[in-house]
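Chemist: Quick one: the structure is below, questions incoming.
The values are calculated or read from the model by the stated rules, or taken from the named source; none is laboratory data. Note that this is a predicted model, so its numbers are computed, not measured. Don't worry about glycine lacking a Cβ; one is built from the backbone with ideal geometry, like all the others, and counts go over all protein chains shown. Ligands, DNA and RNA are excluded from the accessible area calculation, which covers all protein heavy atoms including side chains. Shrake-Rupley method; radii C 1.70, N 1.55, O 1.52, S 1.80 Å.
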Amino acid sequence: MAANLNHALDVGSVSAIDVHVHAEVSSTGQHSLASELEQASARYFKTGGQGKPTLPEIAAYYRERAMACVVFTVDAQAATGQPPVPNEEVAQAAAASPDVIIPFASVDPARGAAGVAMARRLVTEHGVRGFKFHPSVQAFYPNDRSAYPLYAAIEELGVPALFHTGQTGIGAGLPGGGGVRLKYSNPMLIDDVAADFPGMPIILAHPSFPWQEEALAVALHKQQVYIDLSGWSPKYFPPILVQYANSLLADKVLFGSDFPLLTPDRWLADFARLEIKPEVREKILKLNAARLLGLASG
């Protein structure tokens, strides 16, 4: 049965909503990435290879900080052969900690009709509140028509779709990038998706290096497209991103960390030193996400 997160998560009681948190290990110890790709990502983010937090540990971490978080896995089994952390586990963790965790799911478009049925079931039976796509790891163009039945279901279900955009630390530094291709994550490919599914809210994840201006253009042009700021320390944000976040996109930019690869502690410390208008700062940290996700405020 779907968890009623609107009543469990009070926006007024949290300091921030982190819209980009990865569930990287299941209760059985199953990791979401092959070890070679996982190690490359750890080197890229300089995490030191510490153990991956379990879902209950993620809940405790964010509760300690009086934050809420959107949590998801990445289903890229068709391209990588690696089974993902089960979406159902993320949903169960959210049901156990509805004051902290907002569950998103990941369904590989390669699953076809079975994936569409899975997406419907995850929302209607498990309370999932959105879907995560990683085109570079899942090896598909976001505007490939084979993914459109899945988007149609997500649009009908009334939940957002979050797409990785730009460079990725997954496979970074490996010969051939571990087979991960960056071309799939150009945000301009998602412009087609936004035009064809105007009722599906879309989040472009990360500063979209090397396509930052493309991402800004899509978010400016398409009413339902947002940008999350995860995966980069704010001190490295391109000046044009800061400029647009402070002005034309003040209502469409979201706080995201990329935990556990980048901690919210580091992100927020660097964000505090960024020249962001005070009224925009609260929007980025939680108000924009609360509106997008339909969360209650008490």
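Chemist: Only one of (1) touching a residue at least 40 places away in the same chain (Cβ under 8 Å); (2) in contact with a helix residue (DSSP H, G or I) (Cβ under 7 Å, 6 or more places away or on another chain); (3) over 30 Å from residue 93 (Cα atoms) is not met by residue 135, so which one is it?
Modeler: (3)
Chemist: Looking at 180, 193, 128, can you tell me which residue is more than 30 Å from residue 238 (Cα to Cα) and crowded, with 16+ Cβ neighbours inside 10 Å?
Modeler: 128
Listed here are the residues, each with its yes/no results for (1) modelled with pLDDT of 95 or more; (2) assigned to a helix (DSSP H, G or I).
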| site | (1), (2) |
| --- | --- |
| 195 | yes, yes |
| 200 | yes, no |
| 227 | yes, no |
| 247 | yes, no |
| 250 | yes, no |
| 256 | yes, no |
| 261 | no, no |
| 267 | yes, yes |
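Chemist: Please go through the range 120-130 and pick out each residue that is closer than 14 Å to residue 86 by Cβ and aliphatic (A, V, I, L, M).
Modeler: The answer is 122, 128.
Chemist: Report every pair of residues separated by at least 6 positions or lying on different chains whose Cβ atoms are under 7 Å apart, first residue within the range 269-298 and over 16 Å from residue 224 (Cα atoms), second open to solvent by 60 Å² or more (accessible area, probe 1.4 Å) and part of a loop (DSSP other than H, G, I, E, B).
Modeler: From residues that are over 16 Å from residue 224 (Cα atoms), the pairs are 283/251.
Chemist: I would also like to ask the following. Go through 105, 94, 66, 59 for me and flag whichever is open to solvent by less than 60 Å² (accessible area, probe 1.4 Å), at positive phi, at pLDDT 95 or above and in contact with a strand residue (DSSP E or B) (Cβ under 9 Å, 6 or more places away or on another chain).
Modeler: 66
Chemist: Next up: Among the residues of the range 134-167 satisfying the criterion of being closer than 15 Å to residue 189 by Cβ and small (Gly, Ala, Ser), which is most open to solvent (accessible area, probe 1.4 Å)?
Modeler: Step by step, filter the range 134-167, then rank; the result is 146.
Chemist: Out of the residues in the range 141-177 that are over 19 Å from the mean Cα position of the chain (by Cα) and of a type in the set (Ser, Thr, Tyr), state the one that is farthest from residue 126 (Cα to Cα).
Modeler: 146
Chemist: Still on this structure, I have one more. Could you please tell me which pairs satisfy a Cβ distance under 8 Å, a separation of 6+ or placement on different chains, a first residue in the range 111-132 that is closer than 11 Å to residue 154 by Cβ and of a type in the set (Asp, Glu), and a second residue that is in a helix (DSSP H, G or I) and open to solvent by 80 Å² or more (accessible area, probe 1.4 Å)?
Modeler: So the pair list comes out empty.
Chemist: Looking only at the range 243-298, count every residue that is over 26 Å from residue 159 (Cβ atoms) and among the charged types (D, E, K, R) and tell me the total.
Modeler: Number satisfying all stated conditions: 8.
Chemist: Against the condition open to solvent by less than 50 Å² (accessible area, probe 1.4 Å) and under 24 Å from residue 153 (Cα atoms), how does residue 229 come out, does it pass?
Modeler: For residue 229, the condition - open to solvent by less than 50 Å² (accessible area, probe 1.4 Å) and under 24 Å from residue 153 (Cα atoms) - is not met.
Chemist: Moving to a separate point now. Exactly one of (1) surrounded by fewer than 22 Cβ atoms within 10 Å (Cβ to Cβ); (2) among the hydroxyl-bearing types (Ser, Thr, Tyr); (3) modelled with pLDDT of 90 or more is unmet by residue 80. Its number?
Modeler: (1)
Chemist: Can you find, within the range 245-289, the residue that is nearest to the chain's Cα centre (by Cα) among those that are among the small types (Gly, Ala, Ser) and surrounded by fewer than 21 Cβ atoms within 10 Å (Cβ to Cβ)?
Modeler: Checked the range 245-289; the qualifying residue nearest to the chain's Cα centre (by Cα) is 250.
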